[in-house]
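Below is one structure, written out as structure tokens, with a few remarks after it.
The values are calculated or read from the model by the stated rules, or taken from the named source; none is laboratory data. Bear in mind that the values here come from a model prediction, so they are computed numbers and not experimental data. Here the Cβ positions follow ideal geometry from the backbone for every residue, glycine too, while neighbour counts run over all protein chains shown. Side chains included, ligands, DNA and RNA excluded: accessible areas come from the protein's heavy atoms. Shrake-Rupley method; radii C 1.70, N 1.55, O 1.52, S 1.80 Å.
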Amino acid sequence: MSSLTEWWNYLKVKLGFQPDTAFVARQLKKPGGFYARKITDRMNKVNHRLLELTLSQLQSEGGERWLEIGFGSGKHLSRVISECNLKSLHGLDHSFEMIALAKTENAEKITEGKLELKLGCSSKIPWPESYFDRVYCNNLIYFWHNPQLHLREIKRVLKNGGELACGFRTRSTMKNLPFTNHGFILYEPGEWADTVRRAGFEELRQHLVTEPRELNPSLNISLESVCLVGRKPAAD
Ligand SMILES: C[S@@+](CC[C@H](N)C(=O)[O-])C[C@H]1O[C@@H](n2cnc3c(N)ncnc32)[C@H](O)[C@@H]1O
């Protein structure tokens with residue numbers, strides 16, 4: 001992003017105006033600079049029900065090793081470790097600011113060796129193959145221009161029989177939000193299921209929840225949240 005655009009949007013926000021929708025889109029893809037904290041506060045408000053939906057689909061047997069990709073500020077990470085009784089949780093995000101925020105939020109679990117956070121992209125996941133019992137992400141798939149590349153990497157780091165859960169909002173919902181015109185790749189549930197199936201995941205199951213408009217007054221639309229879970233074949 002040019003520094004002129006950054007300054008223009010900085011000025012707009014300082015004067016109490018909304019930043020440009022293209023700027024918001026870039027921040028959602030990779031939060032950074034003066035707006036990083038603001039956008040994560042907003043994401044935490046609007047996305048917490050989707051996070052709960054995704055977590056509810058991943059029933060841990062206890063002692064498992066999980067990976068979350070694109071965790072935003074990561075406020076929830078310590079809670080996930082305790083509530084899901086994990087051996088360890090690992091996080092990957094390509095935003096330096098998100099890593100820094102999540103490290104501050106979860107310092108205790110990092111010291112205990114229960115949480116590990118790495119800066120990097122889902123196209124090249126910096127863990128060995130067959131390392132995780134489950135991988136999950138929320139509001140990430142819109143940014144994958146070549147989803148098969150990312151799904152292949154996820155499959156590589158999953159154990160045989162391990163699960164992937166992707167939480168997202170449907171195209172019919174998201175197309176009403178102007179920032180999605182700037183490079184977001186949107187899916188209806190069946191389209192995403194086909195994409196995941198093509199990557200070799202099986203036993204797909206899908207859960208859909210509609211959030212009434214009153215729950216998100218700032219957006220003034222009813223959000224349709226989906227979590228799709230797929231399994232890496234037991235013998236791959
Ligand atoms: C729209 S935010 C969603 C944050 C959070 N999961 C939520 O639902 O509120 C997308 C997050 O994924 C990260 N991200 C986007 N593309 C990524 C990629 N290819 N690899 C790793 N992190 C990525 C961004 O830095 C950001 O933290």
In region 183-236, residues that are over 19 Å from Asn139 (Cβ atoms), under 20 Å from the mean Cα position of the chain (by Cα) and of a type in the set (Asp, Glu) total 1
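Is region 123-136 home to any residue that is within 21 Å of His48 (Cβ to Cβ), hydrophobic (A, V, I, L, M, F, W, C), touching a Ser or Thr at 6+ places or on another chain (Cβ under 8 Å) and not in a helix (DSSP H, G or I)?
If we filter region 123-136 for residues that are within 21 Å of His48 (Cβ to Cβ), which is where we start, we get 134-136.
In the following step, the residues that additionally are hydrophobic (A, V, I, L, M, F, W, C) were identified as 135.
With touching a Ser or Thr at 6+ places or on another chain (Cβ under 8 Å) added as a condition, the list becomes none.
There is no residue in region 123-136 that is within 21 Å of His48 (Cβ to Cβ), hydrophobic (A, V, I, L, M, F, W, C), touching a Ser or Thr at 6+ places or on another chain (Cβ under 8 Å) and not in a helix (DSSP H, G or I).
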Over region 44-76, the set of residues among the acidic types (Asp, Glu) and within 9 Å of the ligand (Cβ to nearest atom) is Glu68
Phe179 meets each of (1) within 25 Å of Leu92 (Cβ to Cβ); (2) modelled with pLDDT of 95 or more with one exception, condition (2)
Checked region 12-28 for anything more than 16 Å from the ligand (Cβ to nearest atom) and part of a loop (DSSP other than H, G, I, E, B); matches are Leu15, Gly16, Phe17, Gln18, Asp20
task: Might you let me know whether region 2-11 holds any residue that is closer than 23 Å to Cys121 by Cβ, surrounded by fewer than 21 Cβ atoms within 10 Å (Cβ to Cβ) and within 14 Å of the ligand (Cβ to nearest atom)?
output: no
Flagged pairs (Cβ under 7 angstrom, 6 or more apart or on separate chains; first in region 29-41, within 12 Å of the ligand (Cβ to nearest atom); second not in a helix (DSSP H, G or I) and not acidic (Asp, Glu)) are Lys30/His94; Lys30/Ser95; Pro31/Ser95; Gly32/Ser95; Ile39/Pro31; Thr40/Pro31; Thr40/Gly72; Thr40/Ser73
Of (1) away from the ligand (no atom under 11 Å from the Cβ); (2) open to solvent by less than 30 Å² (accessible area, probe 1.4 Å); (3) within 21 Å of Ala234 (Cα to Cα); (4) within 19 Å of the chain's Cα centre (by Cα), Gly161 fails just (4)
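Going by the structure shown, is Asn106 under 18 Å from the mean Cα position of the chain (by Cα), within 9 Å of the ligand (Cβ to nearest atom) and under 28 Å from Asp41 (Cα atoms)? Before the answer, list the steps.
Values: under 18 Å from the mean Cα position of the chain (by Cα): yes; within 9 Å of the ligand (Cβ to nearest atom): no; under 28 Å from Asp41 (Cα atoms): yes.
Considered against the rule, which asks whether it is under 18 Å from the mean Cα position of the chain (by Cα), within 9 Å of the ligand (Cβ to nearest atom) and under 28 Å from Asp41 (Cα atoms), Asn106 comes out as no.
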Of the residues in region 58-76 that are open to solvent by 10 Å² or more (accessible area, probe 1.4 Å) and of a type in the set (Asp, Glu), the one that is farthest from the chain's Cα centre (by Cα) is Glu61
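How many residues are in contact with an Asp or Glu (Cβ under 8 Å, 6 or more places away or on another chain) and either closer than 10 Å to Leu228 by Cβ or crowded, with 18+ Cβ neighbours inside 10 Å (or both) when one looks only at region 184-210? Explain how you work it out, then say what you get.
As a first pass, look at region 184-210 and keep what is in contact with an Asp or Glu (Cβ under 8 Å, 6 or more places away or on another chain): 200, 208-210.
Keeping just the survivors that are either closer than 10 Å to Leu228 by Cβ or crowded, with 18+ Cβ neighbours inside 10 Å (or both) gives 208.
Matching residues across region 184-210 total 1.
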Across region 39-73, the tally of residues that are assigned to a helix (DSSP H, G or I) and hydroxyl-bearing (Ser, Thr, Tyr) stands at 3
Screening Thr170, Thr111, Thr104 for residues that are surrounded by 19 or more Cβ atoms within 10 Å (Cβ to Cβ) and of a type in the set (Ser, Thr, Tyr) leaves only Thr170
How many residues of region 77-97 are within 16 Å of the ligand (Cβ to nearest atom), part of a loop (DSSP other than H, G, I, E, B) and surrounded by fewer than 21 Cβ atoms within 10 Å (Cβ to Cβ)? The answer is 1
